[in-house]
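> Handing you a structure now.
None of the figures in this text is laboratory data; all of them are computed from the coordinates on show. It should be emphasised that the depicted structure is a prediction, and the values quoted were computed from it without experimental measurement. Heads up, the Cβs are rebuilt from the backbone with ideal geometry, glycines too, and the neighbour counts pull from every protein chain shown.
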There are 2 protein chains.
Amino acid sequence: MKNTETKAKARPAGKSADEMGKQQREISVSEFFTKNRHLLGFDNPRKALLTAVKEAVDNALDASEEAGLLPDIVVKLEPAGVGDAPAPPASQATRFRVTVIDHGPGIVRDQIPRVFAKLLYGSKFHRLRMSRGQQGIGISAAGMYGQLTTGKPVKIISRTGEKQPAHYFEVQIDTKKNEPIILEKKQIEWERHRGTQVTIELEGKYQKGRASVDEYMELSAISNPHATFTYHAPDGEVKSYPRTIPVNPEPPKEIKPHPYGIELGMMLKMLQDTKSHWLSGFLSGDFSRVSTETAEDICKNAGLKAHMRPRDVTGQAAENLYKTIQATKLMAPPTNCLSPIGEKAILAGLFKQIKGEFYTAVTRPPAVYRGNPFVIEVGLAFGKTPEALAAAAAAAPKAPLAEGESRDDDGELARVIRFANRVPLVYQQSACATFKAVLDTTWKNYGVSQSRGAPPAGPMAVFVHMASVWVPFTSESKEAIADYDEIRKEITLALREAGRRLGVFIKRRERAHAENKRRNIFELYIEEVVGACKRLKGGKIAEAKLRAQLNDVAKKLTGGQKTDELVDKKAGPFGLPDSIIVTAEGVEGDAPAHVKEGK
Amino acid sequence: MKNTETKAKARPAGKSADEMGKQQREISVSEFFTKNRHLLGFDNPRKALLTAVKEAVDNALDASEEAGLLPDIVVKLEPAGVGDAPAPPASQATRFRVTVIDHGPGIVRDQIPRVFAKLLYGSKFHRLRMSRGQQGIGISAAGMYGQLTTGKPVKIISRTGEKQPAHYFEVQIDTKKNEPIILEKKQIEWERHRGTQVTIELEGKYQKGRASVDEYMELSAISNPHATFTYHAPDGEVKSYPRTIPVNPEPPKEIKPHPYGIELGMMLKMLQDTKSHWLSGFLSGDFSRVSTETAEDICKNAGLKAHMRPRDVTGQAAENLYKTIQATKLMAPPTNCLSPIGEKAILAGLFKQIKGEFYTAVTRPPAVYRGNPFVIEVGLAFGKTPEALAAAAAAAPKAPLAEGESRDDDGELARVIRFANRVPLVYQQSACATFKAVLDTTWKNYGVSQSRGAPPAGPMAVFVHMASVWVPFTSESKEAIADYDEIRKEITLALREAGRRLGVFIKRRERAHAENKRRNIFELYIEEVVGACKRLKGGKIAEAKLRAQLNDVAKKLTGGQKTDELVDKKAGPFGLPDSIIVTAEGVEGDAPAHVKEGK
């Protein structure tokens, strides 16, 4: 009796540990992501539409490439009515049917339900190889969002070959169990011989401009020049992006983890899980860039026997092994697991985005974070005088503003175009390591103005691509790259290199303008000098020769180049290895030859 | 034979659907988060140290409050040696032992392993009630990171009462299964009668300054004035933050979802899962703010029978029901599920952070996003002339810069102090809806300078708190609030209100300065006027009286107030409801009385 009272006193209106214990429950991963759908990119209807398209296109591209097929992808958005109501026009619709069709290898019948209606299920998570998908969440998440907002199932047709039947499925997720519910499955006639078609009905909003499906399709075509895209916009417009390169990029190879940057705990786990019987065999067999010789050296330096069983390496021995590995000089990881976009495609892409005066691209050597190899590619376009820009701006209607973007008439901020494993990133810019690196670069050093805490200002586009076997995104929606020190460093170095080249260009341009002005003044006087000489000599001089001589003097005194000669050259005129400067004049709608061909 | 050839030709070096199908696998949630540890806040050693502390403190505060106990929390950081090596000094250590002790209710024995070594397990996910933890990930994630980087298990002591034994556990996560592995369990003697102690050894880095554990402790004390914190920094320093309020905040109540903003799919699921037998009973019983009467009205307006079985409401009927609910006028959700910090604590907290001239706090009325009620609180401090600031800056050593921060001598950018459910958010500022709202507010309207794309510049601190039954974070690490339209709108409205008050203050201050200058000039002449009058009258005047009269005239002409009188008032002198203006002069180390007491 006394006890109970004490307890009640000590816990006014509070719960006991027992009561709290009874509330503890397991949370299914589907329940978790239903509540956190913004983590998957479904925080608002406009973004949801884009995310669904993106997830389906990622899968379509990955599957086609992995099967060695040239990607040929159709994306179709249709406004849908709510309930019995007829479909409203695209601009007013609140529901859409998203259909993505590939001509890829198809999916075997048994896998279809789980591929489309189970989170954390897939083939790409457990291997080290660059691909667009990596988590086994995306397409099922899109289906789950459709189910949540419209109650409609995901509809799939898939066929693995001409001799095979086409399978039709309707599936939903049982969110409490994170398992598929099959509502319908049958064999159907399908006009395609091979491929997969997925249809999701979802709450969405269609609006062109920045961060739209339209922009995403355009950027995807830039980063995937080997793929053909056909895009049916919800307003009925059809856009085609035929491939410009007739072969797939070299398929990236699957690799083993590189020992640099791998965590002690991960190594402990690998020591337990390995199939090798000897420690040295484990080191050379389960890691990349560790030869048999190096493996034996590591064992020796760590004071361990090369022939001991890996699972016996624990505690202090494991710590020593770990320290020794980190201190051993090893080759950089192989990069055949990566498939960069390439400077050529970057320059051509930038040229499509911004008609400028200066273009450059920088590819960093491969680096490693947490054992994962990655490559950073940066492109930079700087364009046009303010007057030319103003004229262009007056001619073109202004695009709607995207998230976080602002515009006023004081001057444009640089645009940052981001890609990860060839996938355009169009949301969450300010959370992205690429954008942070752009902010932190001191652009004033390169002649570009910049306010504190803001991106550089000016007619400028910055292109950044990270290619890696595992891109660390800041959320499951894969919109921004996480801020690992090693990654930020590589982006910063690439930006600085591009910035330096731009700085040289801007300085030269300024100097050329000044020299040009001086020469122009000089030239104004040439005729008068020639006339004066003629009068002095009584008309008896070689007029044309004198004029040419004076012109030569003028040129020599003022650097010998006209502004026009500064540009439109095949290679960078300043002796910079990869700098390319082009004029936009005279080129219609496409990059000039030297951009297309590379330097 | 021919078939095989065709197939081989069509798929050069590619995989077949069968081969790809065999690679499909389930991914455990622990494997997923091990690879994506940055999602949990463990991207770099400094941040990892903070995240581990934060997760443990969140749990300690939640548990104590839920049990009706006043939180009394000890946080202890100790440098740890690698392997046999002795522990290096704090500034050089790469490993730390993090220990957090509460005097809370303890955890029942059976639950300990899963609470600390299983992701997505907890008591807070499945209910609608404001708490710091909500996902069932945090503390297990910290343990998993410790395991990954040091190989060490998590050590727990817990005791649920004086008559109960204390249990000691050492646990790790089996990442393949996402289940705990118990390495050690026993009963031990423990000096405490009740509470939980958790120790995690992990790779970390200790550095003071912005985004440090030190700052986090300081901010936690501000947002939890009812809690006592004792912080043992790794360099041996001990800081105490005794509670300033002797009672816990009113415990938030668990509520049912509000029908506004709930998704159709969620309603469909609730219709299937409900225990109600009648549709009207379902509506009034499973949602908040739906009375029996309203429920019957909704049924009628949707053309449905109030007595039909909820699980029979599907398809078009469900769509009609959904539309009718969204069109029905309902009371705003109850707010007893929320526990805002309160204007008093906000003002006191701001005063600790910035010694300024102007302070204000705005609490928005509760709003709803996706059926979840939330409240936004904003505080704003504006301080000190540039000269005073410069003097202060010269006196105080500069703190190290945090992520994304920059500093130069052109002028300081405003500091944004963010909280969610009373937890300070110190990372990922630029990804946060609060920061985006600060960027998007046109501060120039309120007399504060601001560059494009940058936060406002000036001696200013902006405090934002979101209290909700479910805060939508941009990642599992809970560092930034996701950008839902409804949330952004509320933050923006609160910022504008605070901004307007600041604008009035800045204008008045400018006017007062101008008037003051005028009066000072006037006053310079008073003596001369008095002297002249004296000479005119042959010395026969009431000199003091004249001087006083002239002073009165001067005051009247120039607004009657000295600058000094503008400040140090008990209530806002401008008739603004919540505006408070204080001087820092004469107040030592603490807020002035009226800040402490509220207005």
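> Over region B:266-354, what is the relative contact order in whole percent, taking alpha-carbon pairs under 8 Å and six or more residues apart?
RCO, region B:266-354: 28 percent.
> Just the C-alpha atoms of region A:465-517: what Rg/Rh do they give, with Rh taken as the Kirkwood radius?
1.29
> When the convex hull of the Cα atoms of the protein assembly as shown is projected onto a plane and the area is averaged over all directions, what value comes out in nm²?
For the Cα atoms of the protein assembly as shown, the hull's average projected area reads 68.3 nm².
> Using the 7 Å Cα-to-Cβ label point, sort the distances from A:LYS300 to its equivalents in the other copies shortest first and give them in nm to one decimal.
9.3
> Within 9 Å, Cβ to Cβ, of B:LEU425, how many net charges do the neighbouring residues add up to if Lys/Arg are +1 and Asp/Glu are -1?
So the environment of B:LEU425 carries a net charge of +1.
> Let me ask something else about it. Along the three principal axes, how long is region B:167-213 when you take its alpha carbons, biggest first, rounded to the nearest angstrom?
Extents along the principal axes: 40, 37, 13 Å.
> Hull surface divided by four, with the convex hull built on the Cα atoms of region B:40-113: how many nm²?
For region B:40-113, the mean projected area of the Cα convex hull comes to 6.4 nm².
> Convex hull over the alpha-carbon atoms of region B:289-359: what's its volume per residue in Å³?
In region B:289-359, the Cα convex hull volume per residue is 162 Å³.
> For region B:30-241, what are Rg and Dmax over the alpha carbons, in angstrom?
Every Cα atom of region B:30-241 included, Rg and Dmax give 16.1, 48 Å.
> Further, regarding this structure: Counting only other residues whose beta carbon sits under 13 Å from that of B:GLY499, what net charge do I get with K and R as +1, D and E as -1?
Taking every other residue near B:GLY499 into account, the sum is +3.
> Once a ≥ b ≥ c are taken as the square roots of the eigenvalues of the Cα gyration tensor of region B:113-175, is the result rounded (a/c under 1.5), prolate (a/b larger than b/c) or oblate (a/b not larger than b/c)?
Because a/c hits 1.5 or more and a/b fails to exceed b/c, region B:113-175 counts as oblate.
> Can you tell me the convex hull volume per residue for region B:133-231, based on C-alpha atoms, in Å³ to the nearest whole number?
148
> Next up: Along the charge dipole of the protein assembly as shown, pointing to its positive end and built from +1/-1 on Cβ of Lys, Arg, Asp and Glu, which listed residue (B:GLY371, A:ALA431, A:LEU183) has its Cα farthest out?
Most positive-ward Cα: A:ALA431.
> Evaluate Rg over Rh across region A:168-289, taking Cα atoms for both radii and Kirkwood's formula for Rh.
1.13
> Taking the beta-carbon count within 10 Å as an exposure proxy, list A:TYR525, B:TYR241, A:TYR231 from fewest neighbours to most.
A:TYR525, B:TYR241, A:TYR231
> Based on Cα coordinates alone, diagonalise the gyration tensor for region A:140-183, multiply each eigenvalue by 5, take square roots, and list the semi-axes in whole Å, largest first.
24, 11, 8
> With charges set only on the Cβ (+1 for Lys and Arg, -1 for Asp and Glu), what does the dipole of the protein assembly as shown come to about its Cα centre, in debye to the nearest 20?
The calculation lands at about 1180 debye.
> Report the Stokes-Einstein translational diffusion coefficient (µm² s⁻¹, integer) for region B:183-236, Rh taken as the Kirkwood radius over Cα pairs, at 25 °C with viscosity 0.890 mPa s.
Rounded, D is 170 µm²/s.
> Starting from the Kirkwood Rh over alpha-carbon pairs, what translational D in µm² s⁻¹ does region A:224-374 have by Stokes-Einstein at 37 °C and 0.692 mPa s?
174
> Also, quick follow-up: In what sequence do B:HIS103, B:HIS513 fall when counting other Cβ within 10 Å, fewest first?
B:HIS513, B:HIS103
> Net charge near B:VAL462: determine it from the other residues with C-beta under 11 Å of the C-beta of B:VAL462, scoring Lys and Arg +1 and Asp and Glu -1.
+2
> Also, quick follow-up: When each copy gets a label point 7 Å from Cα toward the beta-carbon at B:GLU486, what are the spacings between them in nm, shortest first?
4.3
> In Å, what Kirkwood hydrodynamic radius results for chain A from the alpha-carbon pair distances?
28.1 Å is the Kirkwood radius here.
> Further question on the same structure: What average count of beta carbons from other chains do you get within 10 Å of the Cβ of residues in B:473-479?
Taking all residues of B:473-479 together, the mean is 5.
> On to the next question. Under the √(5λ) rule applied to the eigenvalues of the Cα gyration tensor, what semi-axes describe the equivalent ellipsoid of region A:446-562? Give them in Å, descending.
Ellipsoid half-lengths, sorted descending, are 57, 13, 10 Å.
> Here is a follow-up. Treating the point 7 Å from Cα along Cα-beta-carbon as the label, what are the nm separations from A:THR244 to the other copies, to one decimal?
Ordered by increasing distance: 6.2 nm.
> Taking every pair of Cα atoms in region B:264-327, average 1/r, invert it to obtain the Kirkwood radius, and report Rg/Rh to two decimals.
0.89
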